[in-house]
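Data block below; observations after.
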Amino acid sequence: MVLRYSIRNILLVIMAALVLSACAAQTTKKSETQITGDTFSGAETVKYLATGVADRVFFATNKSVLTTASRDTLRKQAAWLRENKDISVVMEGHCDERGTREYNLALGERRANAAKDYLMTYGISGNRISVISYGKERPVNPGSSPLAWSQNRRSVTVKAAG
């Protein structure tokens, strides 16, 4: 009986360590060099990234509420879009692997719409922003860990085709 309690205590300590490391991973600022994936293509990529503006924002688990860091990134995107009035964008909503396909498609859409709505509050016409949700179908990190999940819970701004 004493052995069972010892193993349980060890498992509790391990679980607590995992939770703390997941929290630390989420609060670490992610740079564009750390996270690869969908970005503008061609000449727009060079010009866009040269401004120092990230093309993606991140979300908490099961949330579509913009964080302070996300709002800051979107304000910078809005400034760039105001300078480049001929560019239309697609807001892609993404989720981590957990949850059903249907749930993640709906959550990804809410995330993309949250980013779109925020850009619109900074004067970007809704006609220039379309929304698509990929749910969990296009992970930027295919891993199954708290770090991978935090990288996959995102909205990405990409140049619209055409």
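Throughout, read-outs are computed from the coordinates displayed, never taken from laboratory work. Every value quoted in this text rests on a predicted model; they were computed, and no experiment measured them. Neighbour counts run over all protein chains shown; Cβ positions are idealised from the backbone, glycine included.
Out of Ala115, Ala79, I need the residue that is among the aliphatic types (A, V, I, L, M) and within 14 Å of the chain's Cα centre (by Cα). Which one? Show your work before the answer.
Details: Ala79 fails: within 14 Å of the chain's Cα centre (by Cα).
That would be Ala115, the only listed residue that is among the aliphatic types (A, V, I, L, M) and within 14 Å of the chain's Cα centre (by Cα).
Suppose we filter segment 79-96 for residues that are under 28 Å from Lys136 (Cα atoms), in contact with a helix residue (DSSP H, G or I) (Cβ under 8 Å, 6 or more places away or on another chain) and not acidic (Asp, Glu); how many remain? Before you say what the answer is, go through the steps one by one.
The first filter runs over segment 79-96 and keeps only residues under 28 Å from Lys136 (Cα atoms), leaving 81, 87-96.
The next check asks that each one be in contact with a helix residue (DSSP H, G or I) (Cβ under 8 Å, 6 or more places away or on another chain); those that pass are 81, 87-89, 91-96.
Narrowing further to those that are not acidic (Asp, Glu): 81, 87-89, 91, 93-95.
Final tally of qualifying residues: 8.
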Discussion item. Name the residue that is farthest from the chain's Cα centre (by Cα), counting only residues in segment 136-147 that are more than 18 Å from Asp55 (Cα to Cα) and touching a residue at least 40 places away in the same chain (Cβ under 8 Å).
Written reply: Ser144
Worksheet item: Residues of segment 65-88 being over 15 Å from Met120 (Cβ atoms) and among the basic types (Lys, Arg), which ones?
Response: Lys76
